[in-house]
Each structure stands twice: as C-alpha cells, then as structure tokens.
1. To make sure I understand, if each residue's beta carbon is the centre and we count other beta carbons within 10 Å, what order do A:483, A:183 fall in, fewest to most?
2. Rounded to the nearest 0.05, what FRET efficiency do residue A:52 and residue A:123 have when you use their Cβ-Cβ distance and R0 = 30 Å?
3. Report the calculated FRET efficiency for residue B:463 and residue A:216 (r = Cβ-Cβ distance, R0 = 51 Å), to the nearest 0.05.
4. With a cap of 13 neighbouring Cβ atoms within 10 Å, and only residues DSSP puts in a loop, list the trypsin sites (Lys or Arg not before Pro) found in segment A:265-336.
5. For the pair residue B:627/residue A:458, report the inter-label distance in nm, with labels modelled 7 Å from Cα in the Cβ direction.
6. Sort A:500, B:737, B:235 by Cβ crowding within 10 Å, fewest neighbours at the top.
7. Report, ordered by chain and residue number, the lysines lying within cross-link reach of residue A:403, taken as a straight Cα distance under 26 Å and ignoring same-chain residues fewer than 8 apart.
8. Enumerate by residue number the trypsin sites (Lys or Arg not before Pro) in segment B:459-493 meeting two conditions: DSSP loop (anything except H, G, I, E, B), and at most 10 other Cβ atoms within 10 Å of the site's Cβ.
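We did not get these values from a lab; they are worked out from the coordinates using the rules stated. All of these numbers come straight from a predicted model, not from anything done at the bench. Counting neighbours? That spans all protein chains shown, and the Cβs are built from the backbone with ideal geometry, glycine included.
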Amino acid sequence: MAIETLVLGAGQEVGKSCVVVSINGKRIMFDCGMHMGHQDHLRYPDFSLISKSGDFNNALSCIIITHFHLDHIGALPYFTEVCGYNGPIYMTYPTKALGPLMLEDYRKVMVDRRGEEEQFSSENILQCMRKVTAVDLKQTVQVDKDLQIRAYYAGHVIGAAMFYAKVGDTAMVYTGDYNMTPDRHLGAAQIDRLRLDLLITESTYATTVRDSKYAREREFLKAVHKCIANGGKVLIPTFALGRAQELCILLDDYWERMNLKVPIYFSAGLTIQANMYYKMLINWTSQKVKDTYATRNAFEFKNVRNFDRSLINAPGPCVLFATPGMISGGFSLQVFKQWAPYEENLVTLPGYCVAGTIGNRLMSGKPTKIDVDENTVIDVRCQIHQLSFSPHTDAKGIMDLVKFLSPKHVILVHGEKPKMESLKGRIQSELGIQCYDPQNNDMVSIPSTHYVKADASNAFIGSSSTPNFKFPKIRGGNSELGDERVAEGVLIMEKSEKAKVVHQDELLEMVGGMKHEVQFAYCCPVQMSYTERISDSELSSRNFGLHKLLAKLSTELTEDSIQDCGEHLQLESLYISFCSRDNCAYRATEDCIGDKSATTYFCCTWLAADEKLAWEVISIMKKLHVIDT
Amino acid sequence: MKLTCLSKGGGYHCPPCHIVSVGGLQFLLDCPLDLLALTIFSPIPTGSNAVLDGDSDCSPRTFLDSEDGRKRQKMDKTLDADDLIRSEPCYKTVTNLHLWDLSFIDVVLISTPMGMLGLPFLTRTKGFSAKIYATDAAARLGQLMMEDLISMNVDFRQFYGPEESSFPKWMKWEELEVLPSALKEIAVGKDGSEIAGWMPLYSHLTEDPHLHMSHLTDAYTVCRARVLLSAADMKDCMQKVQTLKYAEETCYNGAFILKAFSSGLEIGACNWTIRGPKNSVVCLSSSIFVTSHAMNFDYHALQGYDLILFSDFSLDVNEDTENRVMTAANNLSSVSVFPSNYLYSDGSDTQHIITESLLNTDDSFEEMEKLAFISSCIIDSVKAGGSALIPIGRLGIVLQLLEYISCALESLNLKVPIFVISSVAEELLAFSNVIPEWLCKQRQEKLYSGEPLFGHVDLIKGKKLHLFPALHTETLLKIWQEPCIVFSSHWSLRLGPCVHLLRRWCGDPNSLLVMEISVIQLGMLLVTNNMAMYNLQKGVDADLALLPFKPMAMKILQCSFLSGMKLEKVQPLLKMLHPKVVLFPENLRQHFGGSSTSSISFIQYSENETLRIPRLNLSPELDISTDLAAQLNWTKLTDENIHIARLKGELSVENGIHRLLPGNEQIVASHSGLLMHWGSVNLQSLVASLQNMGINAHVEEETNGTETEYGVHIVGPNRALININATRTVISTGDEKLASLIFEAITNSLDSI
C-alpha cells in the first residue's frame, strides 16, 4: 500500500493551503485555505479532485485545520456549508475560538467593502464552526477505530499546531506554518521524536537564514520612539490577530520601561476583543508569558486604549494599530491618507505584502506619490519602516526539524518554487531523505509501512528479552561488555488462524509432534603406540588414552577449546569417548590403517549443527599418530 | 496482576489510595492527606490572633504551660473545646503506605488535585524514584492547595514556636491514652495503628545547606526558615511531577501507555488508563457524568480495556438508594438527543443509544438546585444584616456559588461585598479562567464567544469581588464592611482566615456558615433526598468540626454535593465499557455482578488486603517488519495446513508494542537455533530416497528388549549404518559426504526446523 498525497493548494506557492493525504484507506484533508491574490475560482482549492460526484462525506475521513490564518482556514465554511461536507473537523481550541473572527472579518471586507458576491454568510461561519471538534495539544484523538491524530505546538500564531496522523503502522506529520524560535508571546515549535513515513512541511523561507530577532526588535522600537519624540504619529497597519499582539506586548513593555505616556490606540473593537481571547488562551503562549498570568496577564495592556475616528487629526504624537494589514483598504487606508503627507509620521509595514496592495507598493522603492484610485493621489512624505521579523521558521529551522524527525519522505509545500527546489536538494543530499515539491493538483505517492501481526508466546518474549552478555575480546586485552541479544523463535501459520510466534521449545506442543533426535556417530581409529610397556589394565583404562588424545587435539585445534569431562571429551555437541568394544556398530573395519594393535578406538557422536566441526576433528584424529614417550 | 487498596479514602477531599501491580511494575494511585482528621486539633486559641478586633497579649508559652499541668480525664464526658489537641497540627497520610517499601514504587498516578497533597512526603523519602504523572490542571491546582496549607500552617508555628523534636508531644502514648474516645479513634484508628500516618507538614527534612537551624536564634526566624524549607519540599515534589494534557499519551518504560481522561469530578480530575503489552487497565475513580464547571466524565475513551478498577467510593449503599434506583429507572421516559459524533458507527448503535440515555440523565440539575438554595440562604442572611462565611472546599462549588450569589445580589440590587480570602485566592481564580481545555462544553462556548469562562472575572473588574491573601492586610481593613460574604480557607475549620471569621461571627444569629460535609460521613440521605438538605441537620463530623466555636448562635447550612457516580449509572456504564474483569469494593457487593447474563467477571477487594487477579491469558501481539517477513524460509509440515518458519531478529518494545526488526545483521547471523526434528521415519520412503541418490540400502529389524530398532545397512559407495527407533536416528559412517546425503534423506522423511 502507499501514502498518496494530493496537493490542492500551496503547491509551489503561498496561499490556499490544502493537502489531501490517503493512508491505508483513510483520507485526511489538511487545511482548507483560500488564496488572497485571486478573485475567481482559483481562490479556492479544486475540491472536485477529491470526489467527482461531490460526495465529500464518504471521500474524506476528517479535516484538520492547523491555524486560523485565512490561507489555511478561509475555504472551510465554503467547503462545509456550500459544498456540503459534514464529517469531522479538528482544530485546536484557540483556532476554533479565533478562526470565526478571521472569517467574519474577511467576509465583511469582501462583501461590505468590495461589494463582491458573498461566498458564505455569517450564519455559514457559525454553522461551520459548530461542526468543529476542538483539541488540546498532545491530546490523542481517536477519529475512528484506525485513525489517530495528535496536535503539537507550532509557534507561528496562537493555537497553531503541527498534526500527527497515524493509520495502522503508517504515520505522518503535517506541519502547517511553524516557527522554530520563540517570539514575544509564543514559544517555539515542539514535537516528539516520531517514527514517520512522511513529513509535509511548509517552506516559506526555504533559503533564508535569520540572525537574532532582538536586534530587529530594537530597530523597530527605536524608529517608533524617534518618531513620537519628534511629535509624529505612528501607523501600524496589521491584522487583528497575531502580529498585533506581539507588537503590542513589545510596545507596552517598552512604554513601561521608558515611562512613556504617549497613547497607543487600537483602531477597531476587533483587536480589543481579540485580546480578551488571548487572555483566556494564555496557556498557549510562551512560558514567560504564562508564568505571570496570575499577577499580570500579559494581554492586559496598560497603555492601550480604543481609538476614535475624531482622533485622526488630533494634535500630538500617538501610535495606532489599524486593520487591515498591508493597507489593502478599510480603516488603515483611511488613516494612511491623512498621515502619509507629513514627514514626521511613520508607517511600519510587515515583512510580506501581497502584490497589488499599497503596502506592497510602499515596499518596492520609495514612491513619493501613490494613486489610491482614479481620483485620489496621496503625497507620501512620511517615513517607512519595514518590520523584518516573521513568525515563520527559516531554512535552518526546517532542516533542523527534518533532521530531528528523520522521516522516510519529505514533501515541501507553502513556498516559492525556486527556493523550494534548493531546499529539496539540500534535504536529499545532506540528510539523504527522499524529498518532493509537487505543484498544485499533483499527486505524490510513497510506500507506507506495514507490520505483519502475530501473537507472541510469553516464552518467546521472555527469552528474547533476556540479556545475552558477551565479552568480546578486543586487541589490547580490554574487553567490553556487549549485549548481543537476538530474538529467536518459530513462526507458525495455520490455515485461517492468526500467525503465532513461539519459542522453539514450545513448537512440538503447538504442532503436536514427538521429538526425533538425529545423531551422527563414528568410531574413529587413532594410531597410538607406546615406547614403554604399559600394563593392559592401564591401557584399557578409559582415561589414559583419552587424556593423550586431548593433549594432542588441544594443540591442533587452537580456536576451540575441548572440555575434559572425565569419561569423555566434549566440543559443542561432539562427544568423544574411549571405545573398548571390538564389535562397535559405529566402527568401519576398512578404516583400520597400519598397525592394528597400535590402534585405539574412540567413539564420536555429534549433532547435525556441528557437522563441519566434527569432521574436522575426526580428520585430525585419523591423521594423528600418538607416540608416547 | 495484584491490587492492594491502601485506603478507601473519605469522600471528595480524600480520594482512595491503591497500589496496583501490572506487568511487574508497581503503580501507586493517588497520595492524599486525610484533612478531615485535622479536627482533633484545636485551632489557635482565642484572643491571640483576633485580627479584626485588635490583638490581645496572650502569651502562647504560658498558655501551654498551664495546659501541661492539667489532667485530661474526660473520656466519658461529652466533648468540649478543651479536649482538642493543642499543638501545631500534624497531617494524616495514608497509614498503610508506610508499610510499603516506597523505593519499589515505579509510577504514581494522580487523579485529582486532592490526590497529590501527600506527595511531598513521598518524594522526599530516601530511595523514592517513581515517576509521577498528573494532568496539567490537577498539578497546578494541587500545588496551589499545598501552598495554601503551608501558608496557613505558619500561624501555628508562630504561635507554638519551634518544636523541640520531630516527635510531637501529643503523640506520646500517655497523651493519646487520655484523649476522648472520639478523638482517639481519629488519631490512632480502631486498632491503634494509624498513629504512624501522622506527619508534621512537609517539614524540614530536606536540608538546605545555606540554612542551619542552629544559626537561627529567634523563634520567628526559625519559623520563616521552616516555611521556606517546607516550600522547598513542595517545590522539589512539583519538579518531579510530569504533567500531561487531556488525553495525552505517555509511555512509561517503553511498554506501558498511560493516558488521563476527565472524570468530571473537578477541573483536571481524571481517570487513568494503563495499556501494556499484556494487560490494559482503567483506574475508574469518582466520576461525574455531567457537570457545570469541569469537563464531563469522558467514559467513551475507557472502552476496550480488559480490566476496570472501580474505586468510586462515593456511593455508599443503603436501603434508600435501592428504592431510588427503581424510581430513577422509571423516570427515563425523556430521552435526550445526542450528537452523532459521540458514537462510533459500528453497527451497535441502538445498544449505544440506550446506554447513552441512561448515562445522560441530568446529574447537574440537582446540583444546580442545591447551589441556588445555598445562595438564597446566603442572601437571606445578608438581608437580615448578618454575614455569610463559606469555607473554601471544592473549587467548582466556589466558582459556581460566586456566580449564583452575584446574580442574586444583582437582581435584588443589593450592594454586599464578596471577599475571597486565601493565600492563593488570586492564582486560583486566575487559573480557572485560563484552562478552557478542562472545562465543560457550556464554559468552552464562552471562550468561543469571547466571554470570560467564569463569572468572577467580571465581578473583580466591577469591584464587587475582592481577593486578599490574608485577613491582616491593610487594604482589606480599609474596605472591610459587614454584612459581607466571605469565601475563605480552610474547610476543616482549623486552619486559615476562616477560623478567625468564624470566631467573630459564631455568636451572631443572623450570620450564616455554609458547611460542606462529605457523603461518607452522613450516608446518602442528603444527596438522595433534596428535602433533607433543607433541614439544617447536624452530622457527627460537623459536631466535632464546630466544637471550638460553641456555643454557636450562628446559622449553619450543611450541604453535600455529588462526588461520584450514582449507583443506577454504574451497571449501564460497565455494560457499555464491557471489560473482561471488574474489581469493586466489597461494600458494593450486592450491586455488582447481579446480572448473570453478563460475561464480565466481578471480583471484590477490601481495604488493606492484597488481591491477586487471575491471568487474563492474553498473548502479547508482535509486529514483524515486512523486510524480515519477506526473508522467511517457510517449511510445510506433514500436516499440510501448517507452515512454519524460523524467525530471527531484534525485539524492541516501543509504545507498548513488541516489534521484531531485522536487527544487526552480524549479530543475528551469528545465532542459529538448534536444528530440530520430529515425527517418525518412514523406512520405505527412506530407502527409496536413498536409492534416488544412488545409495543402496537394506533394512534389518533388530529387537532390543521392548524397543524395536531398525538397522539400515549401506555398503556402497561406502559403508554406513543407520539405526532408527521411535525417537532417535543414529547415522554412522566414516564418510563425510555419505553422512550428509543420508542426513538429507532422513530430514526429508521427518518434520524439521
């Protein structure tokens, strides 16, 4: 069987993340995002590839959403309410709490501001979220009898999770977006060392390696401080969740330390409301923020207040967080129009702005004029500061994660093609792991792991778990203790019954047979002559000849040591004893060579396992000529 | 597998304690303290610490001396406050636990915050090295409870001064002998053995190299130092606790998978499951199906385990409950609707739905009624000008009462301040608002709509609720006004600010004390019959608890809350979970295993007896890697239906699964099992197959006593003899090549591996 990965979105691009993975008959959709850059049918993943008939309930076992960003959750209400998917949906508690805020905000922007046709209604969002099962980190969820999923902390935004999924013996991880370094309010991604067949990872910064972010934070604070010290106004266009909280913690903290009194405003109720959520979800933030929740909740901002439209042109310095980010319209654009023409003001831009937004135009070069629409042209004289910290992992982080998990295969998504190509090369050459970077609507098929199931007997498990200590001799005289335990048993397959593994000793009982021993025997002549006369009684004494033989054999056989057991000599299963009977059944008369009277017979018996060894000893014995002096 | 019930506990505040041995490992389930036993101690004597009324200068030393001379020979008299032991209290641990070698415990599983109060005594024991698991929420709440205990105990240490020895005077036999029988029974138990369980609170056994007692001269510094050291005990203990999220899987020793699922009893309270290669066990503690604060009892997750250790001792059985089962069963006409994702769709849905309906009758309705009644009593007293004191016991009750009371105050437009006074008040309430993952569905909905999870957040913001760490804070004295409603530690009425407030108000007939009593002490009466709760009835333990405050004019409302499963739900639950074996406490004998149709075997256990559980006869499953399976050399046996193959590899145990992997080639190749033959040799076919090899042989029968032996003689190409009897074949020849040919022929006519 195979694991089949169908990439419906975020294949060699960033946007509309959606990957459908089939493992041993189970089909999981990871993320159900939308593309912000498209206004047509391309904005959603092509769901028809999942099921031609549109029967998604039978086509999918479950949907897993990694975090609340629109490129990961944006198409979910559409898929459940318009396309009619009714099966289970899983996301973390924060994602379930904050997801609807993001969706509603987006819906409003689309419908109310841009006047587009509604893709889904507010009611749709609510209905959709009712179908969602919230999960805690590391909670092991049994979706059905065979499918098990588990969330791991991913950093990135609050509630972001990497998801582990296991069907039978096959296991995989889908990372969503993650951050391998902690930021102001979130911890770094964390995952157990898992046995994985497949890792699907984001690769936004597939080739970037970042240094410490503290320097860049200082830069940002310096720029803001300089601006307000000169009486300017700072506009921070941002989305309501995530970055807003991170920057706000940063500023609030700085204000406290520097004892600044300049007001910090939040433009809409949205962010204030979002902070309410953050306060309850404090367990999902970084350890540092968590530790102080009782005495002072970090999201209880002391210097932050609500903004009123009338304050736009009020005199004096201030800092304003305004939605949406990237200045793509709405309130942040309104304020931008008013503040941009004054050079004492400052606008900060996030690290990444979608093409077509004003933010994107401000970033590319330093325009002095920007035409918002046909009638409006803004003079841009204000300062522009570009934030250079991002909640995504860098290339080193990706490599670290892949190395840590050491999966059998890696699939890269959520990145730009040339960069992914280079990362793919590194993963294959440096880590020796098969790696793929499929584009949208491509299918990647990799083999899955299976184990043959058998019932094991207690004796088998017991004997296999017993340590088998060996002291291998190492040159130089030091010996090192080694435990060379090997599990040995017999596998029994009976028609229409589950395979059983038993210890060899239990086998006969299981198959109902009686043991039959197969032995080899040979009465071997050895030439023994004595210079001194030895009394007959002495000669016939069993031990006399045997000891002579032992002495001879020991010098010949240097590797193995023969044990002297009194009545016989023993080497593994080979027994050698003095034979006094003339008509020994195991004696072959034609073997008698040379002087008959000088021939002494030794009866040898052995088992098949030591066949080679036994014949070796016998050939030595035949060639021997023991002359006693 | 073995089970020893060390203690059946005492209701919500003192969960039962067991040792279960599974697969050779010792699991300790919970490590509680019996805080109810604190009632044998006297609270700090009157006058010395009446904070709100100003201090009087009663010297503790002289007080003690006068007591020393007094003979206490009042065994047959009714108890009075002077009979209580005047000493820094000790804390009663599970006595039977001390009979075990603690270093043999491998794992400690904590099911409730209360179940970990005795842990520091364990973790500081020499040789103790067990791994301790608790849910993140239980660990946090448990830690806060410990911190509160330590801080309340400081008052005593300051009052009585440092102890001369680690063996308190009251524990001397002469002193115990003269104790009134009611107290003596609590102190030493029925057979006198329980005296061993008493311990000074997480005391100074952990030596801090920087703090030498001898260097500290004045008593106060010594006290402070001890508090620090006690805190060190606790901190040390908490560091050893590994916290788990809800339903997080953890693996102990590679072989045992441990998981915690909510039990509904309290925030973070859980039922543990242990799954090993051979056994799977559910430790079913006191569970509540539907609650209005903590996450509901997650019983679906407990399906598919072999053995259930039923340790919900909250159901104490008497005749009344029998009748109630009947009425409850008849009242089941209203079947609620269940979300379909609750059920696995595996054909047996109808069976499930029947079970569900039985399990989902609303437990919480009764509890809500009680809370509403309590809050109405409280409102009545404040309206009459009295204050209300609610000792902090169950967190869930406090959180909900705050909501009920504030609602009632609001609707009547009463402006009565509410105080929560406890050293951990702030942390406790703040914590309750940041763990939506452990709360019931209704509270989680609040998260989704962006509202605080509990009402206290808005009350604090609206300055209707005030939190203080202690009574003697300046800000508290500034805003203090009566009548007021106070939640304060500790429910035993021996420790904490609660004692001072009770002394202040016990003479006021308008004031109200809301007392929580455990079900065990009073029987089921209060729980089973709502009306009974409305009677201001006195139980045995309540009498003792109130002893130091007598005579009391204050009104007392005693109430008990659901602290486990209801009896009528046990059978349907077990039916649904369908384990192979259920272990149950002997006092529930008549209610278990009643139905002869069930295939579950019920085994009873009793306190302090070790029960051996018969082997469930399960063979562990082995996963064989496909690489290895592909290389197998199959042999078809004479019984044509059976195929066998020799298996060699490296056995690994991971996440409770045995896996056979190819292993290190060199090492594996160096091992080869002994070749084994069985069956009997067919002479004709042997001769035939020898012939095919170009070897001529003839058979001679030789009778050697009783056994018949055959000699197969070979003369060409070389001489050889094969002696064959029923169990043995001997091939004798001096020709190596011939020997191996004969061996091959023999092997072919036998079964071999």
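1. A:483, A:183
2. Numbers: r = 29 Å, r/R0 = 0.96.
Here the calculated transfer efficiency is 0.55.
3. The value I calculate is 0.75.
4. Working: sites: A:279, A:288, A:290, A:296, A:302, A:305, A:309; in loops: A:296, A:302.
Answer by residue number: A:296, A:302.
5. Placing both labels 7 Å beyond Cα along the Cβ direction yields 3.3 nm.
6. Ranking A:500, B:737, B:235 by Cβ neighbours within 10 Å, fewest first, gives B:737, B:235, A:500.
7. A:138, A:166, A:213, A:417, A:419, A:424
8. The qualifying sites are B:463.
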